[in-house]
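The values are calculated or read from the model by the stated rules, or taken from the named source; none is laboratory data. No experiment lies behind these values; they were computed from the predicted model shown. Heads up, the Cβs are rebuilt from the backbone with ideal geometry, glycines too, and the neighbour counts pull from every protein chain shown.
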Amino acid sequence: MTTTISAPAMAALQQLKIFQSRKLEAKPGEQTNFDLSITAPGDHPVSLPFTAQTFTAPTGFVFDDAVPFVTYAYYNPRGEQGNMSAEIVADGKVLVLWHPIELNTNGKGSLLVYTLSMRADPHAQHGTYLDGSVTLGLYGGTNYAGIIDPA
């Protein structure tokens, strides 16, 4: 099966900015939450219905299967927020969710924030790891960091 994406959808994906808005930091064995944010520059409207979003954990971390959902919030006057189901695969190293990305449209604000739950491996080595990643649809996203504090 071949996946195709329209030129307008690809252009919308390419204009998005993804960034880590709350630090991912824990001691070995600890559970923690962190935030990843998506924004569209200016007031440019973006509407991507049910886009596959893949999050890969940085070295030393796994997604916490005790919390198999992601919390989202649009920061706007309505303040829409909620939980959505996610699939955790690859021994906890990958979390996949399908969720529309709507920014500056349909009453949504210009900032979408995901709060994700992770756990530091009990045997993780102290250090900063920059190999966490986010991919939106077919568009390569960005990397994010995880910090393992000394035990």
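Quick notes on this structure:
- Number of the condition not met by Lys108 [criteria: (1) touching a residue at least 24 places away in the same chain (Cβ under 8 Å); (2) among the charged types (D, E, K, R); (3) surrounded by fewer than 19 Cβ atoms within 10 Å (Cβ to Cβ)]: (3)
- Positions within the stretch 55-71 being buried (at least 16 other Cβ atoms within 10 Å of the Cβ) and either closer than 13 Å to Ala90 by Cα or at pLDDT 85 or above (or both), in sequence order: Phe55, Thr56, Ala57, Pro58, Thr59, Gly60, Phe61, Val62, Phe63, Asp64, Val70, Thr71
- Within the stretch 88-115, the only residue that satisfies the criterion of being within 20 Å of Asp35 (Cβ to Cβ), part of a strand (DSSP E or B) and out of contact with any Ser or Thr (no Cβ under 8 Å at 6 or more places or on another chain) is Ile88.
- Search result, residues across the stretch 44-54 that are surrounded by fewer than 17 Cβ atoms within 10 Å (Cβ to Cβ) and hydrophobic (A, V, I, L, M, F, W, C): Phe50, Ala52
- Whichever residue in the stretch 21-43 is of a type outside the set (Gly, Ala, Ser) and over 18 Å from Thr142 (Cβ atoms) and, among such residues, is surrounded by the fewest Cβ atoms within 10 Å (Cβ to Cβ): Asp43
- Residues that are surrounded by 17 or more Cβ atoms within 10 Å (Cβ to Cβ) and more than 15 Å from the chain's Cα centre (by Cα) do not occur anywhere in the stretch 79-98.
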